[in-house]
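The values are calculated or read from the model by the stated rules, or taken from the named source; none is laboratory data. The structure presented is a predicted model; accordingly, all values stated were derived computationally and were not measured. Quick reminder, even Gly has a Cβ in these numbers, built from the backbone with ideal geometry, and neighbours come from all protein chains shown. Note: areas computed on protein heavy atoms with side chains; ligands, DNA, RNA excluded. Shrake-Rupley method; radii C 1.70, N 1.55, O 1.52, S 1.80 Å.
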Amino acid sequence: NVLMAVIQVNAGETGDSEATPLLAEARWKIPRVEVLDILRGFIMVVMAVDHISLFIAHVHGTEAWYGETQYNDTSMDNLKFATRFATHMCAPGFSYLMGIGLVFFTMSRIRLGWSFWRIARHHIFRAIVLIVPCAVLEISAFRLADWVFPEMDTAPGMWIFTTVLFSLSTSMFIIGNLLVISFALARGLGWGAMPAVVMAVWVIVSFAISEVAIDQATLGDVNWFVMLMAVPGATGILGVTYVVFPWCGVCALGALMGLFLARRPQYLRMAAAIICASAVVLFVVLRELRGFGNLISMPRHEDGLEFLDVVKYPPSLTYVCITFAILHLLIFVFVTLSTFETKPYSNILWDPLKVYGGSALFYYLAHLWIGAPIGLIFDPDGLSYPWIYPVWVGVVILLYPLCRWYGKFKRSTPPESIWRFF
């Protein structure tokens, strides 16, 4: 009841004298940081090569806490490793950008006079919308090849998987509503102070829980709830790859960046440079120590690649560090390039990325249902690995007019239309 009372506080109520500082600052115009749209589009393009690799060459990494890096073929050469490594930034990039977007959305709706309860309902509804395509469209695309070619099925009997859309949905629900509650509590504490504290605490707690849970899991079996929360694994028809706590921690890091950008968007390039350098230093330190932050400590290659071969399932601190270094390097480069343009982010280089980034969920589901059927025309052994690159380029080009059409359609719908979620 206390929780409901907090989030039902109306942003337009001014009877409480403590509400004045919050409402005054709520009149800020939330900035549109265009480089983040471009980064999202770039991530979408890079992500597609990983799934095309699965559909066309039947090669996909499983960098899990419980064993060696595994590929569906018998070897992993440097080309495959480099391609997979390049795509590591995609999942944390989605979660990070979602965290920034949750802050911008929450602050903008407070500014428009939405009640906290209305904002919370929006986050809950959007989380549900993410879960539905996850269950119906995403999983079925990944399982399509397994149904046609049973010999390819690496997870027989499993029909439910926690995929990237599952992690985004849970992050939307948890981090989105934590922000709502913390902004409601911040009415007497000043704009951004309480949300920043809550997000920072969540980051620390989520990765600490992940480390402890993995340590305990090495001692014996874990139940399905612990799997969903922190320990990837499988039980019955359920296969868990993306877990709740650490991925929500990545989203909370994005929320912290969103809180910073809401006040100081002009310092984005400087912040990106500092975060990139800090993430590289922390990555090197944690990898050299080979203990906390790695989830597993043994080398997994004999050719020197073990230093970069980090655990993704669940996301280790070293994985987060190296991917954040790449993400913020990209932000730094994109912002720097824009300084040489008369009208930033308006030339032929940026326009396709903005189109992809503006229809991210549509792009994601469409590329799965284009790539999966293409893979079905090949035999169960798949094509040789280099073939994935021309197929990838072709799929990305094909998606451009589709995403452009969908973007125009989406903009023609009412502001609260469900189609705008895609």
With every protein chain in place, segment 167-320: carbon and sulfur % of accessible area (1.4 Å): 70 percent
Cα-based Rg and Dmax for segment 381-422, where Dmax is the largest Cα-Cα distance (Å): 15.9, 47
Karplus-derived 3J(HN,Hα), 6.51/-1.76/1.60, for each residue of segment 197-208, Hz, glycine and proline x: 5, 4, 5, 4, 4, 4, 4, 5, 5, 5, 6, 5
Nitroxide proxy distance, nm - points 7 Å out along Cα→Cβ at T62 and E416: 4.4 nm
Binned Cα-Cα distances of segment 200-320, short to long, each 5 Å bin given as a whole percent: 2, 11, 17, 19, 18, 14, 10, 5, 3, 1, 0
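Which sequence of K343, K354 reflects their accessible areas, 1.4 Å probe, from the largest down?
K343, K354
So how do I296, I204, I274, I119 rank on accessible area, 1.4 Å probe, biggest first, that is with the largest at the start?
Numbers: I296 25, I204 120, I274 95, I119 0 Å².
Heavy-atom accessible area, descending, gives I204, I274, I296, I119.
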Net length gained if the chain between S140 and L289 were fully extended (0.36 nm per residue, minus Cα distance): 49.5 nm
Spin-label pair T235/L349, simplified geometry with 7 Å Cα→Cβ offset, distance in nm: 5.0 nm
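Please compute the length gained on full extension between Q216 and Y400, using 0.36 nm multiplied by the number of residues separating them and subtracting their Cα-Cα distance. It would help to have the intermediate numbers written out before the result.
Working: separation 184, 0.36 × 184 = 66.24 nm, distance 4.62 nm.
The span from Q216 to Y400 would gain 61.6 nm if fully extended.
I'd like to know how segment 303-345 sits against the 2.2 N^0.38 Å rule of thumb: what's its Cα Rg over that expected value? Write down the numbers at each step before the final one.
Details: Rg = 15.3 Å, N = 43, 2.2 N^0.38 = 9.2 Å.
Rounded to two decimals, the normalised Rg is 1.67.
Would you work out the charge dipole size for segment 179-297 about its Cα centre, treating the Cβ of every Lys and Arg as +1 and the Cβ of every Asp and Glu as -1, and quote it to the nearest 20 debye?
Numbers: 6 positive and 4 negative charges, 121 e Å.
Charge dipole of segment 179-297: 580 debye, to the nearest 20.
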Heavy-atom accessible area per residue - segment 288-422, 1.4 Å, Å²: 50 Å²
Pair V201, A86: separation of 7 Å Cα→Cβ label points (nm): 4.3 nm
Electrostatic dipole magnitude of segment 262-378 [Cβ: Lys, Arg +1; Asp, Glu -1; Cα centre; debye, to 20]: 500 debye
